[in-house]
Amino acid sequence: MGEDERRRRRRRRSGEDLISGLPDEVLHGILVRLGCACAAARTSVLSRRWRRVWAHMPELLLDSPSPPPGPAPDSFLNAVDGALAGCLAPAVDRLAISLSADSDLRAPAWRVAPWLRFAAERVVGELCLVVSPRLGLPLRQVPRVQEAELELPACGRAKAIALFPQAEWRLRPPPAAGLFAALASLTIHGGRMEGGELSTLVCEQCPRLTVVSLCVVLVAAADVSIRSDSLRSLWFRAMNTRRLEVVAPRLEGLTLSESVQAHVSAPKLAKLVWRGGAYDPRNHRFPDVGRRLRLLGIGMNSAAPALLRQFDEVGVLSIETFVRQGVLGYKRFLNETKTLPKCEVLSISLFVNRHGLTPAILHLLRSCNGTRKFSLILFDLNDPPMHPCPSSCPCCSEESHRIDNINLESLDEVEINSYKMHGDLEFLEMLSRARVLKKLVINYKMSIIPPETKEVCEKVRSMYRSDVEVEFYVFPDGPDGRRVRFD
């Protein structure tokens, strides 16, 4: 009989519950599933056996509650301090500390610094620290708070780090000798850094990085250089960057924003997302990138017709485009999208302002013949109804409604996503002429389901052949909104 079995029998004779008799590793698994280190710590009141169990947990998850109700502001910060002080595990697989986004709670930098020092000593897997009160806001719209410095100690054993500090914190990487030797994934969204320190952190202090995501503000205008033999994915947005240099022989995915000039050497680049404003081949250079990509994304307000002409073929072409009001606005839209590279999947986020919807969609299909799947996210700015477009606008011409000059021979799937139930179904009727079309999916997202929904669904179905699978879904607004299918 083994020692564990004898121990369990003694516990049963003493009346101790069976759960408390489980091995520590099993109890740790149970406590981790609570999803909260504070809740796990409260199990210490159950018995003497439980007092030390939570302190050896391999994961510490600390999330502040959303008010109301909730503790006084400092109580969560004190709870974090207490949980880290009580932790006895020599190695922590995961440490996650998060302040609620809808809370007024603020964590000063001096309170956060000891948390990072704990992570530097104990974390061997993932560190996630969220103390920014307004995640997702553009950098220019983040509320200003008092500037403070936050040192980033070298976490030599951490494999993934995600930091979301307050926007005005000055982030200070460790001295050059400090290494993040095991780090494969680094995310920093928020805070201010010097350009040289940012370059040193990524290039020299993180020798094994494969994924980097940066959204920061440089303290002063500066050049940034990212040179890495291991990097495979880079998301870069650093305001005040004068020139960005990227030399990464294994880089496959790149998202760029907020760089005045860019020189990218990445012979294996397969995915490029451009959100950096107007593309100028004199200032933005990709000397060793081929003419084919798996994905090319063009963000809103990124006038990039010259970038589109850099590539002959892409697997997925994703474009966010805004059709401005007026004749000049529509002509600009036509000019910027008149030549698109050949692609298998064309995904368009379309903002229409007063112009006809059908001409804009047909123009995009005309510019990209041979597409297999067409996906449209529609934002109709004609609600409430405004004055119609003048007859002199190209969107009103007979030529703009022609479909005989569009190659629909390969189009077999269409997906429409809209925030409005459209009475104008002309473009759907024209798409029904695609002879190989197999599937049409229409998703509406709205606060209520309009009474005419079923009638519209039946009308659209009547336009298509019986062998075309037509699906309608309505997604009500709200966190609990579940899609409703109309058959």
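The values are calculated or read from the model by the stated rules, or taken from the named source; none is laboratory data. What you see is a predicted model, and the numbers here were worked out from it, not measured in a lab. Neighbour counts run over all protein chains shown; Cβ positions are idealised from the backbone, glycine included. Accessible surface areas use protein heavy atoms only, side chains included; no ligands, DNA or RNA. Shrake-Rupley method; radii C 1.70, N 1.55, O 1.52, S 1.80 Å.
Quick notes on this structure:
- In segment 210-219 there is no residue that is touching a strand residue (DSSP E or B) at 6+ places or on another chain (Cβ under 9 Å), free of Cβ contacts under 8 Å to residues at least 60 places away in the same chain, of a type outside the set (S, T, N, Q) and within 15 Å of His263 (Cβ to Cβ).
- Number of positions in segment 258-313 that are surrounded by fewer than 16 Cβ atoms within 10 Å (Cβ to Cβ) and hydroxyl-bearing (Ser, Thr, Tyr): 0
- Residue pairs meeting the criteria (Cβ under 6 Å; at least 6 apart or on separate chains; first farther than 16 Å from Leu293 by Cβ, in segment 324-347; second assigned to a helix (DSSP H, G or I) and open to solvent by less than 80 Å² (accessible area, probe 1.4 Å)): Tyr330/Pro394; Tyr330/Cys395; Glu336/Pro305; Thr337/Ser367; Lys338/Ser367
- Consider segment 245-276 and keep the residues that are modelled with pLDDT of 95 or more and under 17 Å from Gly196 (Cβ atoms). The one that is nearest to the chain's Cα centre (by Cα) is Val246.
- As for segment 369-376, it holds at least one residue that is open to solvent by 30 Å² or more (accessible area, probe 1.4 Å) and at pLDDT 90 or above.
- Within segment 287-303, if we keep just the residues that are aliphatic (A, V, I, L, M) and either out of contact with any strand residue (DSSP E or B) (no Cβ under 8 Å at 6 or more places or on another chain) or over 20 Å from Leu251 (Cβ atoms) (or both), the residue that is modelled with the lowest pLDDT turns out to be Ala303.
- Residues being open to solvent by less than 40 Å² (accessible area, probe 1.4 Å) and farther than 25 Å from Glu252 by Cα - total across segment 176-216: 3
- Checking Leu293, Leu307, Leu251 one by one, the residue that is outside any strand (DSSP E or B) and more than 30 Å from Thr200 (Cβ to Cβ) is Leu307 and no other.
- Arg227 open to solvent by 40 Å² or more (accessible area, probe 1.4 Å), modelled with pLDDT of 95 or more and in contact with a Cys (Cβ under 8 Å, 6 or more places away or on another chain): yes
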